[in-house]
1. Residues in the range 67-77: is at least one within 20 Å of the chain's Cα centre (by Cα) and aliphatic (A, V, I, L, M)?
Amino acid sequence: MSVRELRADLADVINAAGTRDQVTFVTSRGRRVAAVVSVAAGEQAAGEDGQAEADAGMATMHAVNLAMHEDRGGTPGMTVADLWEDYAASLLRELGGSADRALTAARAVAAGAVGSIGYPMLWRQAALAVELCQRAAEIIGQELPGSYRPGSRAGKAPKNLKTDSRR
């Protein structure tokens with residue numbers, strides 16, 4: 001529907017969106033520029049992206065903390081490998097134990113890193129965040145096809161997740 005047509009039929013378009021969940025695309029010069037949708041559809045669309053972005057931020061923060069510990073050579077009583085497991089388990093708990101959320105967060109981190117091409121440290125953090133998300137998915141047995149990480153333990157879930165965080 002063109003902008004001109006929308007102006008003429010605005011009340012009907014809004015009613016159709018609210019009562020019948022009808023989506024009306026608005027065009028300008030033949031190209032889609034907007035959509036009139038129900039509040040529920042709009043909130044759902046905004047919520048999914050917002051959740052993925054929030055999860056990506058959580059993964060990145062875990063990666064930043066992990067990078068600091070790696071740079072220091074670990075922490076007393078824990079190897080770097082132990083830190084990886086601890087941070088991946090912690091991230092998994094933050095993501096509600098969902099492999100799908102972990103992998104969606106990894107995609108969001110990767111997509112967000114595209115604008116950081118000139119900043120190597122940001123790329124390192126993004127790469128670590130993606131790997132943490134992958135490890136979190138592996139912890140609960142998610143098989144990751146084409147996993148490049150040596151020693152990947154996809155399909156081997158631990159007996160229990162650690163409940164304490166050692167950060």
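The values are calculated or read from the model by the stated rules, or taken from the named source; none is laboratory data. Being a predicted model, the structure only gives us computed values, none of them experimental. Here Cβ is always computed from backbone atoms with ideal geometry, including for glycine, and neighbour counts include all displayed protein chains.
1. yes
Results for (1) free of Cβ contacts under 8 Å to residues at least 12 places away in the same chain; (2) more than 19 Å from residue 50 (Cα to Cα), shown as yes or no for each residue.
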residue: 73; (1), (2): yes, yes
residue: 82; (1), (2): yes, yes
residue: 90; (1), (2): no, yes
residue: 99; (1), (2): no, no
residue: 102; (1), (2): no, no
residue: 108; (1), (2): no, no
residue: 117; (1), (2): yes, yes
residue: 134; (1), (2): no, yes
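Quick grid of which residues meet (1) among the hydroxyl-bearing types (Ser, Thr, Tyr); (2) at pLDDT 80 or above; (3) more than 14 Å from the chain's Cα centre (by Cα):
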| site | (1), (2), (3) |
| --- | --- |
| 117 | no, no, yes |
| 124 | no, yes, yes |
| 130 | no, yes, no |
| 134 | no, yes, no |
| 142 | no, no, yes |
| 148 | yes, no, yes |
| 152 | yes, no, yes |
| 157 | no, no, yes |
| 167 | no, no, yes |
